[in-house]
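All remarks here apply to the structure that follows.
The values are calculated or read from the model by the stated rules, or taken from the named source; none is laboratory data. Please read all numbers here as calculations on a predicted model, not as lab measurements. Heads up, the Cβs are rebuilt from the backbone with ideal geometry, glycines too, and the neighbour counts pull from every protein chain shown.
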Amino acid sequence: MESLSHAIESARSRYASANPLSQAADTKAQRYLPGGNTRTVLHYDPFPLTMVAGEGAEVTDLDGHRYVDFVGEYSAALFGHTNEVIKSAICKALDTGIAMGAPTSYERELAGLLCERFPSLEQVRFCNSGTEANLMALSTARVVTGRDKLLVFNEAYHGGVIKFPGGHCALNMPFDFVLADYNDIEGTAELIGQVGDQLAAVIIEPILGAGGNIPADRKFLQMLRQKTREFGILLIFDEIKTARLGSAGVQGMLGIAPDLTTLGKFIGGGLPTGAFGGSAEIMAQFNPRLPGALAHAGTFNNNVCSMAAGCAALSKVYTPQRAAEFFDWSEAFRLSLNEMFAAKAVPMYANGLGSMIAIHFSSEPTERPSDISAGCQSLRPLLHLELLLEGVLVCKRGDLFLSLPMDETHLAKARLALEKFADRYTPLIERVLHA
Ligand SMILES: Cc1ncc(COP(=O)(O)O)c(C=O)c1O
């Protein structure tokens, strides 16, 4: 009977044989980059693929294999790799100068596009990344409320220095974080009852992305909205990934308005950016025309290429109508995967919503991060490598992000690869989960 470690070893050896050039490039990279890497999430054993080209929804590696790209730059590559509308907006911006050291029309237009789209945003400010957007939102909440504590959720990811895998991260900012459990309505309400008058903010991703694409229960978010109002705490929705869902993000879908929203990833059309915003009253803190305003700095906050790409992306490509259609199409795919897993009676489940999917080894939807079993986690490397070997590029933790240039052929390829995986490994999966 094949063991999990043997199956992973075999997949690694097939993978290494198929990718000699990526392996050599990785070995060389280790001279100047620690472990050959400058972004931890992109490392996996035995070595990551080196990508050399992207076209539409596909990417090509150094050894010449073509993949359907479901990593989708962890959701930022919503537009795929060669969107002509976005490309021409960037080229136009390049032609007219990129480092102006002054306001330009681009950030003004992009601010309007975002505020018109997300009901809770009356005004926004731009920055360089999602991490920075969250740091700014959290710091703003501390200033506005005059309080220090910040309520966050176990397994949440809000950036490289604001993340809570296992509740803690050595690199985190030295904020006074208070941890609660995602989707735990009673426990979280009780905690807010205890420390609510010391809390500046509650920050939550309406779908716990890195923690397994676990959608928040509507009642849980409603409770947070109600309790934060009661205690004068700012509710921050990190919609850096989830803003792509539907025409106005999860807040639009559920009709729950946070005090502050943070955005990033796709809003720059595939180029780096971030944004935070909320009511005009809160954002007035940053109005330089007012005495004592907070000075929010950042050389590249309004960098012309990202702003121009974002304007084209949101006004011409990912219009609210296109976003709504894309959501329905993606959600139908997710549901079809679950039908296929159920028909095969394999304990696998496509968690998430719309174009944000995570494959879990479980027959049921995962509702809390603590429901993810050790067995589920230990099976992930096998799924990851087997899908890569089938030409389906997914995140190492089992996430799949759909992108706009995908068509039914791309989805069929992923479905088939998952089906093949299920057919081959169901007995092993059962053994690992019941060990
Ligand atoms: C929910 C969420 N918040 C914040 C961030 C940080 O964004 P960035 O990588 O642009 O700093 C990410 C990135 O993955 C994210 O998924």
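Pairs meeting the criteria (first residue in segment 228-253 and farther than 17 Å from Gly264 by Cβ, second residue of a type in the set (D, E, K, R) and buried (at least 21 other Cβ atoms within 10 Å of the Cβ), beta carbons under 6 Å, at least 6 apart or on different chains) are Leu234/Asp259; Leu235/Asp259. Checked against (1) crowded, with 17+ Cβ neighbours inside 10 Å; (2) more than 13 Å from the ligand (Cβ to nearest atom), Gly97 meets all criteria but (1).
The one condition from (1) out of contact with any Gly (no Cβ under 9 Å at 6 or more places or on another chain); (2) over 25 Å from Gly252 (Cβ atoms); (3) outside any helix (DSSP H, G or I) that Leu179 does not meet is (1). Inclusion of Asn172 among residues that are out of contact with any Cys (no Cβ under 7 Å at 6 or more places or on another chain) and either more than 16 Å from the ligand (Cβ to nearest atom) or under 26 Å from Ile256 (Cα atoms) (or both) is not warranted. For segment 123-169, the tally of residues that are more than 9 Å from the ligand (Cβ to nearest atom) and in a strand (DSSP E or B) stands at 10. Within segment 141-186, the residues that satisfy the criterion of being on the phi > 0 side of the Ramachandran plot and either surrounded by fewer than 17 Cβ atoms within 10 Å (Cβ to Cβ) or of a type in the set (A, V, I, L, M) (or both) are Gly146, Gly166, Gly167. When the criteria are applied in full, Glu155 meets the requirement of being of a type outside the set (Val, Ile, Thr) and touching a Pro at 6+ places or on another chain (Cβ under 7 Å).
Is it fair to say Ala324 is surrounded by fewer than 22 Cβ atoms within 10 Å (Cβ to Cβ) and without any contact (Cβ under 8 Å) to a residue 40 or more places away in the chain? When the stated conditions are applied, Ala324 does not pass them. Screening Glu364 against (1) over 22 Å from Tyr44 (Cα atoms); (2) of a type outside the set (S, T, N, Q); (3) in contact (Cβ under 8 Å) with a residue 40 or more places away in the chain; (4) part of a loop (DSSP other than H, G, I, E, B) leaves a single unmet condition, (3).
Annotation note: of Leu383, Leu411, Leu418, Leu400, the sole residue that is assigned to a strand (DSSP E or B), out of contact with any His (no Cβ under 8 Å at 6 or more places or on another chain) and under 25 Å from Thr60 (Cβ atoms) is Leu400. On the stretch given as segment 295-320, residues that are surrounded by 15 or more Cβ atoms within 10 Å (Cβ to Cβ), of a type in the set (A, V, I, L, M) and more than 21 Å from the chain's Cα centre (by Cα) total 3. Among the residues making up segment 189-223, those that are away from the ligand (no atom under 16 Å from the Cβ) and of a type in the set (A, V, I, L, M, F, W, C) are Ala189, Leu191, Ile192, Val195, Leu199, Ala200, Phe220, Met223.
Considering Ile192, Ile203, the condition of being of a type in the set (Val, Ile, Thr), without any contact (Cβ under 8 Å) to a residue 60 or more places away in the chain and under 26 Å from Val144 (Cβ atoms) is satisfied by Ile192 alone. Out of the residues in segment 225-251 that are crowded, with 24+ Cβ neighbours inside 10 Å and among the basic types (Lys, Arg), which is farthest from the ligand (Cβ to nearest atom)? Of everything passing the filter in segment 225-251, Arg244 is farthest from the ligand (Cβ to nearest atom). Residue pairs whose Cβ atoms lie under 7 Å apart, separated by 6 or more positions or on different chains, with the first residue in segment 257-278 and polar (S, T, N, Q) and within 9 Å of the ligand (Cβ to nearest atom) and the second modelled with pLDDT of 95 or more and assigned to a helix (DSSP H, G or I), are Thr262/Gly130; Thr262/Ala133; Thr262/Asn134; Thr262/Ala137; Thr273/Ile267; Thr273/Ser306; Thr273/Gly310. Filtering Val71, Val85 for residues that are more than 16 Å from the ligand (Cβ to nearest atom), touching a residue at least 60 places away in the same chain (Cβ under 8 Å), closer than 30 Å to Val394 by Cβ and among the β-branched types (Val, Ile, Thr) leaves a single hit, Val85.
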